[in-house]
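To start, the structure itself, in structure tokens.
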Amino acid sequence: MRQTWVTPGGVHPPENKDQSLTQPIGSLPIPEKLVVPLGQHIGAPAIACVTVGDRVLKGQKIADPAGTISAAIHAPTSGTITAIEARPVAHSSGMNALCVEITSDGKDQWIDKSGISDFEHTSPKALLSIITEAGIAGMGGAGFPTSVKLNPGFKRPIDTLIINATECEPYITADDSLIRERAEEIVEGIRILSHILGNPHNIMIGIENNKPEAIKALEPHTKDTGINVVSFPAKYPSGGEKQLIYILTGKELPSGNIPADIGMLCVNIGTTHAIKRAVVDGEPLVSRVTTMTGEACEINRNYDVLIGTPVEHLLNHNNFDAQRCSRVIMGGPMMGFSLTSKLIPIVKTTNCILAPSVEEIPHNEPAQPCIRCGMCAEACPASLLPQQLLWYSQAKDHERLQSHNLFDCIECGACSYVCPSNIPLVQHYRSSKSDIKKAQEEKVKSTQARERFEFRQQRIELAEKEREAKRAARREAAKQAKASSGTDSMADIVAAAQARTAAKKTSPEQELAKLERAVSSAEMRVQKAQDKLDTASANSETDEKINILSAALSGAQQKLEKAKTRLAEHSN
Amino acid sequence: MAFKQVTSPHAHGAQNTAKVMQLVVWATIPGLIALTWHFGWGSLINVVLASITAVVSEALILKMRNRPVWFYLGDYSAVVTAVLLGLALPPLCPWWVVVVGTLFSVVIAKQLFGGLGYNPFNPAMVGYVVVLISFPVEMTTWVAPLALLPEGVAHPDFLESLKLVFFSASPMDGVTGATPLDSFKHAAGLTVEQIYQQDSLFSQAMFAGVGWEWVNLGFLAGGILLLCSRVFTWHGPVAMLVALALMSLIFWDSGSSQSPGSPLMHLLSGASMMGAFFILTDPVSSAVSHRGRLIYGALIGILVFIIRSWGNYPDAVAFAVLLANFTAPFIDNYTLPRTYGHTDRRKATERLED
């Protein structure tokens with residue numbers, strides 16, 4: 001038994017995990033249409049590389065990552081691309097975003113898969129590119145592109161690899177059932193990770209002690225591999241990255257840092273399974289295990305769901321009763337968000353669809369005033385003072401909010417869970433956080449604008465000064481000229497003017513060359529005029545035209561005469 | 001209806017403000033029983049009269065403030081204030097003392113500051129101090145404990161008590177007496193041992209003072225119940241009691257005529273236990289963090305001892321709590337807990353660097 005550390009705060013909501021663990025992971029019929037969002041991860045949404053009407057195979061790439069922090073997207077089944085347009089997606093704001101719609105052909109035909117059987121003899125770089133190509137993003141909830149996470153750079157060597165199998169949210173059993181049924185693949189995935197990271201000496205699977213079967217399933221595969229399965233008492237939110245690091249190592253992740261800064265890396269256990277599939281089996285991430293649970297559905301169990309499956313499809317296959325349901329939640333009851341449309345598709349980060357009955361999760365009661373009872377502070381895993389944050393959040397006192405470390409809030413919802421006054425505390429914090437971020441951005445913008453303005457003012461001032469200096473110089477010169485005009489006679493001025501003109505005159509050689517050029521060009525023009533006149537008379541043009549041309553010829557001849565005369569004058 | 005936008009978390013714990021307030025009311029019952037047993041029906045009448053006054057006046061002022069009356073009455077906070085004030089007032093005091101005190105608590109100290117959650121001072125203690133200063137005679141006349149009544153004399157029965165409260169102008173003789181804290185205040189020149197021998201309040205007591213020790217133990221029991229139900233944390237009450245005990249130990253002076261009394265006497269006299277578990281734990285007007293509540297509690301303990309020993313009033317919980325209420329926002333500024341991932345505790349007044 002390895003030592004574990006106890007985090008402050010935390011809550012113990014009813015677990016409600018048993019109901020979805022009575023059956024093994026199931027599968028659903030392929031839906032007629034799959035809607036695959038292009039942004040399923042943190043970072044830039046992928047860019048579609050197919051067009052409407054294209055036929056795609058299962059596992060074929062349909063969107064390329066846009067930049068470093070992004071992930072590729074693959075077709076979850078074979079079929080035809082029937083739309084690329086904005087659709088409602090899994091987001092707490094209920095927004096629409098660009099999606100690729102695939103109409104399934106029902107064949108579920110894979111691309112040619114090419115896996116690597118001996119990853120130990122493959123360079124980490126090559127493995128990373130496989131993971132990039134497979135479009136793997138963290139499957140625990142945040143969806144950070146895994147290949148980026150696995151490449152912290154040589155300046156940040158990783159000595160501790162933490163596999164997060166905590167699954168501390170009530171109701172969710174996706175990881176639990178995945179471990180129970182596919183422990184071998186998971187451990188292989190962890191070994192691939194370890195190889196990529198240069199075999200960190202400390203590899204731990206962190207798991208809550210409410211999953212004895214999963215722990216047992218891991219045992220035979222982790223034996224003599226150097227991978228430690230570390231279990232600890234269940235408490236929400238032990239699965240938060242920061243909390244798990246503390247529980248397993250006793251170290252705190254300094255505020256504003258990422259785990260790699262202290263030589264650690266946290267990967268969700270579902271992600272390790274996806275990595276194994278990508279590397280060994282050559283299967284990109286096109287499906288995931290998702291828990292379908294809640295009293296408003298008759299059947300509660302885990303499914304291996306294709307990415308892009310509309311929630312409606314999942315609900316219908318489990319006899320969903322909309323009348324009984326208080327809300328449909330993607331994720332758990334603590335941090336999940338309610339869905340505004342049944343057409344929203346399952347994405348890479350969807351670990352649960354929760355359809356609770358009204359008795360299970362009643363409608364929200366109106367908030368009462370905060371009596372600062374402090375239950376929230378007792379529950380906060382980050383040791384914040386939620387009651388004070390609420391106070392300052394309502395007062396929009398950004399300075400106080402920041403001195404109370406608002407940005408260390410992980411939005412776990414433990415404070416709102418215990419609040420006897422039903423205050424939606426987390427919502428206040430989210431809103432304050434975005435207000436502060438916006439204010440900071442505006443501040444940067446206004447600073448830039450001010451700098452620009454000041455620079456412009458400076459520039460205008462400088463130009464004005466220069467002009468003023470010039471004017472002063474001219475005034476000075478005029479004054480001097482006036483002063484000197486009093487003493488000098490008129491003859492002097494004329495002489496000075498003549499001298500200036502003489503200075504401007506060119507030398508005789510230059511003058512000669514110039515006149516010669518004038519003569520030759522005049523000759524050329526006479527020749528041209530003659531030619532034109534000849535062609536015109538040969539083509540028997542009108543008299544008028546011939547008259548004009550002959551006039552032009554005589555003009556040119558006159559000019560030639562003039563030039564010749566001037567040359568002769570100069571030569572003399 | 002199933003597809004709607006609701007913010008997380010969706011799950012909610014079983015606790016709600018009304019339940020917490022009700023629990024506080026229930027937790028006063030051991031203390032109320034002890035008071036009734038030792039001092040007659042007066043306290044119960046106080047509590048009921050204060051509660052009725054509080055609910056009616058709260059309803060009226062909510063109406064005047066255009067607030068939903070039933071929604072706010074349902075939080076039971078007015079009842080808690082009234083019960084605590086009723087317990088603090090002397091048994092069998094005239095009805096208008098109770099009514100004036102309660103009106104002041106609910107209308108001025110609470111609702112005029114914005115209602116529940118916005119009052120900077122403990123409403124019950126504001127009401128108490130107002131009547132204490134305004135009606136000193138009525139407020140310092142305590143019924144003698146049952147055990148010390150002369151042979152053949154009993155506390156008035158319930159109906160007689162009602163009559164006394166509502167119709168009697170002057171407090172009755174024969175059944176009134178000094179409190180232990182009064183005895184110490186007015187026993188100049190006597191050593192502690194002499195006081196204990198002469199005064200039957202102490203000579204017949206088990207720990208500290210006849211009747212009073214049981215009242216305090218009753219409130220201690222209720223307080224422990226609330227502590228176990230996590231209505232509040234131990235920090236405030238323990239800090240206050242430890243500070244009070246330490247102060248009385250430091251100034252014990254081996255029981256000389258200058259001694260203000262033993263630690264046990266102070267802990268189990270007057271409103272010590274009620275103050276520690278029911279008054280200073282009012283979260284609205286106290287400091288918020290653990291360290292803040294330790295400082296806040298200790299400050300009250302020290303002030304209680306100072307006022308009891310060298311002030312004009314025999315007991316001091318109300319004054320000490322109100323004085324500490326003033327300091328709570330200041331204490332809060334300097335007692336933020338250390339947040340995860342930070343090496344230092346921050347100050348609330350910290351300015352952001354640009």
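Yes/no per residue for (1) among the aromatic types (Phe, Trp, Tyr); (2) part of a helix (DSSP H, G or I); (3) in the same structural domain as B:Pro283 (by TED's automatic domain parsing); (4) loosely packed, with under 14 Cβ neighbours inside 10 Å:
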position: B:Gly115; (1), (2), (3), (4): no, no, no, no
position: B:Ala124; (1), (2), (3), (4): no, yes, no, no
position: B:Leu164; (1), (2), (3), (4): no, yes, no, no
position: B:Leu190; (1), (2), (3), (4): no, no, yes, no
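Looking at segment A:356-376, which of the residues that are more than 7 Å from chain B (Cβ to nearest Cβ) and touching a residue at least 60 places away in the same chain (Cβ under 8 Å) is surrounded by the fewest Cβ atoms within 10 Å (Cβ to Cβ)? Restricting to residues being more than 7 Å from chain B (Cβ to nearest Cβ) and touching a residue at least 60 places away in the same chain (Cβ under 8 Å), the top hit is A:Glu359. For B:Gly270, the criteria (1) more than 14 Å from chain A (Cβ to nearest Cβ); (2) assigned to a helix (DSSP H, G or I); (3) in contact with an Asp or Glu (Cβ under 7 Å, 6 or more places away or on another chain) hold in every case but one, which is (2).
Output the residues belonging to segment A:205-228 that are of a type in the set (A, V, I, L, M, F, W, C) and either under 22 Å from A:Ser147 (Cβ atoms) or over 32 Å from the mean Cα position of the chain (by Cα) (or both).
Hits for segment A:205-228 are A:Ile205, A:Ala214, A:Ile215, A:Ala217, A:Leu218, A:Ile227.
Does B:Ser309 qualify as being in contact with a helix residue (DSSP H, G or I) (Cβ under 9 Å, 6 or more places away or on another chain), within 13 Å of chain A (Cβ to nearest Cβ) and among the small types (Gly, Ala, Ser)? Judged against the criteria, B:Ser309 is not a match. When A:Gly198, A:Gly226, A:Gly263, A:Gly250 are checked against the criterion of being on the phi > 0 side of the Ramachandran plot, surrounded by fewer than 21 Cβ atoms within 10 Å (Cβ to Cβ) and without any contact (Cβ under 8 Å) to a residue 60 or more places away in the chain, A:Gly226 stands alone in meeting it. Would you mention how many residues in segment B:15-68 are more than 14 Å from chain A (Cβ to nearest Cβ) and either of a type outside the set (Gly, Ala, Ser) or within 17 Å of B:His155 (Cβ to Cβ) (or both)? Here the count works out to 32.
Considering segment B:329-344 alone, what residues qualify as being part of a helix (DSSP H, G or I), at the interface with chain A (Cβ under 10 Å from one of its Cβ atoms) and touching a residue at least 24 places away in the same chain (Cβ under 8 Å)? Talk me through it step by step, then tell me what you get.
Here is the first cut: in segment B:329-344, the residues part of a helix (DSSP H, G or I) are B:329-334.
If we keep only those that are at the interface with chain A (Cβ under 10 Å from one of its Cβ atoms) as well, we get B:332-333.
The answer is B:Asp332, and nothing else.
Residue pairs whose Cβ atoms lie under 6 Å apart, separated by 6 or more positions or on different chains, with the first residue in segment A:201-215 and in contact (Cβ under 8 Å) with a residue 40 or more places away in the chain and the second in a strand (DSSP E or B) and hydroxyl-bearing (Ser, Thr, Tyr), are A:Asn202/A:Thr160; A:Ile207/A:Ser231. Of the candidates B:Leu322, B:Leu267, B:Leu303, B:Leu280, the single residue that is at pLDDT 95 or above, under 15 Å from B:Ala243 (Cβ atoms) and within 18 Å of the chain's Cα centre (by Cα) is B:Leu303. Here A:Lys348, A:Lys396 are screened, and the one residue that is among the charged types (D, E, K, R), more than 29 Å from B:Asp332 (Cβ to Cβ) and more than 7 Å from every other protein chain (Cβ to nearest Cβ) is A:Lys348. Filtering A:Ser341, A:Ser383, A:Ser403, A:Ser421 for residues that are within 30 Å of A:Pro284 (Cβ to Cβ), small (Gly, Ala, Ser) and facing chain B (nearest Cβ under 7 Å) leaves a single hit, A:Ser341. Residues in segment B:2-33 that are surrounded by 21 or more Cβ atoms within 10 Å (Cβ to Cβ), out of contact with any Leu (no Cβ under 7 Å at 6 or more places or on another chain) and either in contact (Cβ under 8 Å) with a residue 40 or more places away in the chain or more than 28 Å from A:Glu169 (Cβ to Cβ) (or both): B:Thr17, B:Val20, B:Met21. Against the list (1) farther than 23 Å from A:Leu406 by Cβ; (2) free of Cβ contacts under 8 Å to residues at least 40 places away in the same chain; (3) of a type in the set (Phe, Trp, Tyr), the condition A:Tyr303 fails is (2). For segment A:328-338, what are the residues that are at the interface with chain B (Cβ under 7 Å from one of its Cβ atoms) and either at positive phi or part of a strand (DSSP E or B) (or both)? Scanning segment A:328-338 gives A:Ile329, A:Phe337, A:Ser338.
If the condition is being hydrophobic (A, V, I, L, M, F, W, C) and under 21 Å from A:Gly413 (Cβ atoms), then segment A:140-164 contributes A:Ala142, A:Phe144. Contact map, segment B:255-271: first residue in contact (Cβ under 8 Å) with a residue 24 or more places away in the chain and farther than 20 Å from B:His38 by Cβ, second residue basic (Lys, Arg) and surrounded by 15 or more Cβ atoms within 10 Å (Cβ to Cβ), Cβ cut-off under 7 Å, separation 6 or more or different chains; pairs are B:Pro260/B:Arg308.
Would you mind stating whether B:Tyr334 is at negative phi and surrounded by fewer than 24 Cβ atoms within 10 Å (Cβ to Cβ)? For B:Tyr334, the condition - at negative phi and surrounded by fewer than 24 Cβ atoms within 10 Å (Cβ to Cβ) - is met. Quickly run through segment A:6-32 and pick out the residues that are under 30 Å from A:Pro386 (Cα atoms) and over 34 Å from the mean Cα position of the chain (by Cα). Correct list: A:Val6, A:His12, A:Pro13, A:Pro14, A:Glu15, A:Asn16, A:Lys17. Under the condition of being among the aromatic types (Phe, Trp, Tyr) and modelled with pLDDT of 90 or more, the residues counted in segment A:141-168 number 1.
Would you call B:Trp212 away from chain A (no Cβ under 14 Å), closer than 20 Å to B:Phe184 by Cα, surrounded by fewer than 18 Cβ atoms within 10 Å (Cβ to Cβ) and modelled with pLDDT under 90? Spelling it out, it is not the case that B:Trp212 is away from chain A (no Cβ under 14 Å), closer than 20 Å to B:Phe184 by Cα, surrounded by fewer than 18 Cβ atoms within 10 Å (Cβ to Cβ) and modelled with pLDDT under 90. Please work out which residue is surrounded by the fewest Cβ atoms within 10 Å (Cβ to Cβ), limiting yourself to segment A:307-333 and to residues that are among the aliphatic types (A, V, I, L, M) and more than 30 Å from the chain's Cα centre (by Cα). Ranking the qualifying residues of segment A:307-333, first place goes to A:Ala322.
Anything in segment B:203-233 that is closer than 15 Å to B:Thr281 by Cβ, without any contact (Cβ under 8 Å) to a residue 60 or more places away in the chain, part of a loop (DSSP other than H, G, I, E, B) and more than 16 Å from the chain's Cα centre (by Cα)? List them, or say none. Selection gives B:Arg230 alone. Of all the listed residues (B:Leu323, B:Leu294, B:Leu303), the sole one being in contact (Cβ under 8 Å) with a residue 40 or more places away in the chain and out of contact with any Asp or Glu (no Cβ under 8 Å at 6 or more places or on another chain) is B:Leu294. Among residues of segment A:420-437 that are surrounded by fewer than 19 Cβ atoms within 10 Å (Cβ to Cβ), those with a beta-carbon under 8 Å from a residue that is charged (D, E, K, R) at least six positions away or on a different chain give the pairs A:Asn422/A:Glu365; A:Arg430/A:Glu411; A:Asp435/A:Lys396.
The values are calculated or read from the model by the stated rules, or taken from the named source; none is laboratory data. Just so it is clear, the structure is predicted and the values come from calculations on it, not from any experiment. Don't worry about glycine lacking a Cβ; one is built from the backbone with ideal geometry, like all the others, and counts go over all protein chains shown.
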